[in-house]
Amino acid sequence: AVRIVAGRWRGRTIAAPRGMAVRPTADRVREAWMSILQNDLPDASVVDLFSGSGALGLEALSRGAARATFVDSAAPSLLSLRANIAQLGADDVAIVHRMDALRFIAALEEHAYDVAFADPPYHKGLAREVADRWRERAFSRILAVEHEAAEAMPGDGDTRRYGDTALTFYRA
């Protein structure tokens with residue numbers, strides 16, 4: 001299980017999908033991620049790409065984001081995600097799309113969201129791909145991407161390392 005760190009659902013646990021395909025963000029990394037963005041979250045519209053259990057988007061809602069869109073294509077993730085949204089009573093502020101995240105962002109207009117979280121599977125170049133697409137057309141005012149610390153990200157993002165994991169932040 002994953003614990004919500006702060007905000008209105010602080011301390012509540014949510015279910016993570018079963019299976020090795022899912023790699024939940026470590027609590028300390030998620031905490032760092034949120035503390036870096038804490039001033040950007042109140043009343044924000046957020047999108048959680050490759051959302052898995054939805055921990056990032058739900059944490060953002062807990063900390064005052066106005067609404068969250070969750071995008072994932074894996075059935076087990078969507079099952080956990082929908083259960084977590086229901087358990088927290090977030091149905092009115094959460095939208096779920098069963099779709100490939102790259103296809104989803106390809107259709108977005110500039111600044112469609114205030115904050116975009118992307119936590120793609122490692123070893124597939126997807127973190128870089130999301131960043132490249134954002135740099136072509138900033139579909140959010142802020143993009144925050146989790147990736148392997150060894151993976152070099154394009155452009156002039158602000159990268160923070162936490163062991164083998166890194167977060168890179170881009171601001172429009």
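Things worth noting here:
- Filter pass, Leu108 being buried (at least 21 other Cβ atoms within 10 Å of the Cβ) and not aromatic (Phe, Trp, Tyr): no
- Checked against the criterion of being under 20 Å from Ala83 (Cβ atoms), of a type outside the set (Asp, Glu) and open to solvent by less than 10 Å² (accessible area, probe 1.4 Å), the range 23-37 has at least one qualifying residue.
- Members of the range 37-47 found to be of a type outside the set (S, T, N, Q), closer than 14 Å to Leu143 by Cα and either at pLDDT below 95 or not in a helix (DSSP H, G or I) (or both), listed by number: Leu41, Ala44, Val46, Val47
- Enumeration of residues in the range 119-157 that are assigned to a loop (DSSP other than H, G, I, E, B), open to solvent by 40 Å² or more (accessible area, probe 1.4 Å) and under 22 Å from Gly54 (Cβ atoms): Pro121, Tyr122, Lys124
Per-residue answers, yes or no, for (1) open to solvent by less than 40 Å² (accessible area, probe 1.4 Å); (2) closer than 14 Å to Ala116 by Cβ; (3) within 12 Å of the chain's Cα centre (by Cα):
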| residue | (1), (2), (3) |
| --- | --- |
| Asp43 | no, no, no |
| Val47 | yes, yes, yes |
| Gly52 | yes, no, yes |
| Ala55 | yes, no, yes |
| Ala60 | yes, yes, yes |
| Gly64 | yes, no, no |
| Ala68 | yes, yes, yes |
| Pro76 | no, no, no |
| Ser80 | yes, no, no |
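- Selection from the range 52-88 of residues that are touching a Pro at 6+ places or on another chain (Cβ under 8 Å) and of a type in the set (Ser, Thr, Tyr): Ser53, Ser77, Ser80
- Residue among Ala74, Ala6, Ala65, Ala32 that alone is at pLDDT 95 or above and small (Gly, Ala, Ser): Ala65
The values are calculated or read from the model by the stated rules, or taken from the named source; none is laboratory data. Quantities reported herein were computed from a predicted structural model and do not represent experimental measurements. Glycine gets a Cβ as well: all are built from the backbone with ideal geometry, and neighbour counts include every protein chain shown. Please note that ligands, DNA and RNA were not included when accessible areas were found on the heavy atoms of the full protein model with its side chains. Shrake-Rupley method; radii C 1.70, N 1.55, O 1.52, S 1.80 Å.
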